[in-house]
1. Let me see the pair-distance distribution of segment 2-107: every alpha carbon pair, 5 Å bin width, integer percents in order.
2. Let me know the shape class of segment 1-55, please: from the alpha-carbon gyration tensor, a ≥ b ≥ c as square roots of the eigenvalues, rounded when a/c is under 1.5, otherwise prolate if a/b is greater than b/c, or oblate.
3. Give the lysines reachable from LYS197 as a straight Cα distance under 24 Å; neighbours fewer than 8 places away on the same chain don't count.
4. How do MET1, MET171 rank by accessible surface area computed with a 1.4 Å probe, from largest to smallest?
5. Taking the highest mean first, how do the peptides 109-116, 184-191 order by number of other beta carbon atoms within 10 angstrom per residue?
6. Rank by packing, highest mean first: peptides 155-164, 45-54, with packing defined as the count of other Cβ atoms within 10 Å averaged across residues.
7. Can you classify segment 23-64 as rounded, prolate or oblate using the Cα gyration tensor, where a ≥ b ≥ c are the square roots of its eigenvalues, rounded means a/c under 1.5, and otherwise it's prolate if a/b beats b/c and oblate if not?
Amino acid sequence: MLVVDDQVLIRAGLAALMRAAPTVDVVGEAEDGEQALALLAEHEADVVLMDLRMPGMGGIAATERIVAAREAAGRRIPRVLVLTTFDLDDYVYAALKAGASGFVLKDTPPDRLLAAITVVAHGDMLFSPSISERLVEAYTLRGEAASGPAPDLAPLTAREVEVLRLVGKGMTNPEIAEHLVVGETTVKTHLSRTMTKLGLSTRAQAVVVAYETGLIVPGGG
């Protein structure tokens, strides 16, 4: 994993904590987004622990660049786990839209932080449906959620739309499979086709689309 934070004591402490864990290999430390991109050009990382607000290139811009660069190069996209205080809904929503896979508080206990890293490393998203709804509701109520027209869902089949809706509710693939009474592989296939048709790179972006297109209504589920 890669640790990105502009505060040297926090960054060093996080890196030391990660290095002490038997299942984590820290490939580098970066003080801003630009340095993170440079390190990722040299090293593969499954997870990037990313601070949001940093001098120079911040966490949101860095997340966008990481996703875009890896996708363009046909390389595996690392999971971005954002460090936040959760009092910055605008920033958190923007990070989600950029492709972040989850959020952890800066005062999260070490054992929970390690568990969070494991969750996103395995491909799941780390925030509850209630947190997802709160973030998007806070954003959409101010009329800022969409910077352009909502994505067109016309290319999707009815089942793909349903899978997208359940992803938007924060359900995992096994939960969706149980809900639809299908195999998990079938869910993965539907979601993969959905993301391809809509030009999405990450599951987090699929959550955003579910809200922007009205499949999930803030406050209404």
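The values are calculated or read from the model by the stated rules, or taken from the named source; none is laboratory data. Bear in mind that the values here come from a model prediction, so they are computed numbers and not experimental data. With ideal geometry, Cβ positions are generated from the backbone for all residues, glycine too; neighbour counts draw on all protein chains shown. Ligands, DNA and RNA are excluded from the accessible area calculation, which covers all protein heavy atoms including side chains. Shrake-Rupley method; radii C 1.70, N 1.55, O 1.52, S 1.80 Å.
1. Once binned at 5 Å, the Cα pair distances of segment 2-107 give 2, 14, 25, 27, 19, 10, 2, 0.
2. Numbers: a/c = 2.23, a/b = 1.18, b/c = 1.90.
Verdict is oblate for segment 1-55.
3. List returned: LYS97, LYS169, LYS188.
4. Details: MET1 15, MET171 35 Å².
Most to least solvent-accessible, the answer reads MET171, MET1.
5. Details: 109-116: 14.2, 184-191: 16.9.
In decreasing order of mean packing, 109-116, 184-191 become 184-191, 109-116.
6. Details: 155-164: 17.2, 45-54: 22.6.
Final packing ranking: 45-54, 155-164.
7. On the way: a/c = 2.04, a/b = 1.66, b/c = 1.23.
Prolate.
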